[in-house]
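Only one structure is covered here, and it is reproduced in the block below.
What follows is calculated from the coordinates using simple rules that are stated; it is not laboratory data. Bear in mind that the values here come from a model prediction, so they are computed numbers and not experimental data. Every residue, glycine as well, gets a Cβ built from its backbone with ideal geometry; the counts of neighbours run over all protein chains shown.
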């Protein structure tokens, strides 16, 4: 169902991890060269910097061509969204064929075509909807499209858009029933984010779902972040004030204020503690960031003045926590070390030995011929 070959993903993972191991002097140059020669990629990919550059260049070219064509033709304004939608379908067909024929894999060009085609198709779909409609309709229609693209390409940008769309649909469905229901929004977000986290955590490492591990990892992180933000006093209070749910004065506070105070304090501690006990890098990263935001929340609302002192004390506290975590994880804890916490991507740590052994058991036909 996913467009990319699983062998591509295995080779990409092995080469990426081997490069990191070599840069940290965990393997010799001869070992690294042997891995590179054995797992020559059958696809076209680039490093992260060139990938970003190609992504930006392709987006400029794609939308530049669209704007140029619209400006030099006699397409009237009412028909422009329809043409944009057809243009998006054309881009998607080009994307499918380029991945199949030219073997693009995380090369920037395929990422840009995926994002551009998604935007254009959604604009085209909106053209066929009646003008008088609830705002939630376009997002409900976009959900199946984003789900399909996430399954088909396992692209984190699309997975992130799917997550945001899901939460926004839920908010719109609640608020469309009446403005008095705005008070339910934080609880509804928590009600969705917790199952999202638990579901993603359970399935993100299943071998049968390996092509979507990065998407599951992003859903897991999004669930943790959304759960914390929905319980954070500063976020909830600003949301209520922005939506004119009520007016805070000297004698009143937001509804369920005590609960949000408690969640602002408890959730970062739970995240950080659970991350250490369970050796979970995602929980640790989100927990430490949430702890810093909680300190800012209480300084912003409850401590007037002494800004320099509070920032100094808060910074020292975060440094102490970071130092404790670093020292605690200097030695492996069930295979989990500080290196895992500092990884730059969303995926959990991959055991390179296991991946190479697993990959070598089922080589592709091309690799059999090379052998």
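A few notes on this one:
- Computed over the stretch 1-125: relative contact order in percent, which uses C-alpha pairs under 8 Å that are six or more apart: 33 percent
- Ascending count of other beta-carbon atoms within 10 Å, so fewest first, for 44, 139: 44, 139
- Of the peptides 29-39, 141-151, 71-81, the order by per-residue mean of other Cβ atoms within 10 Å, starting with the highest, comes out as 141-151, 29-39, 71-81.
- Fewest-first ranking of 4, 168, using other Cβ atoms within 10 Å as the exposure measure: 168, 4
- P(r) weight above 18 Å for the stretch 92-222, C-alpha pairs, percent: 62 percent
- Protection proxy ranking of 286-296, 121-131 - average other beta-carbon atoms within 10 Å, highest first: 286-296, 121-131
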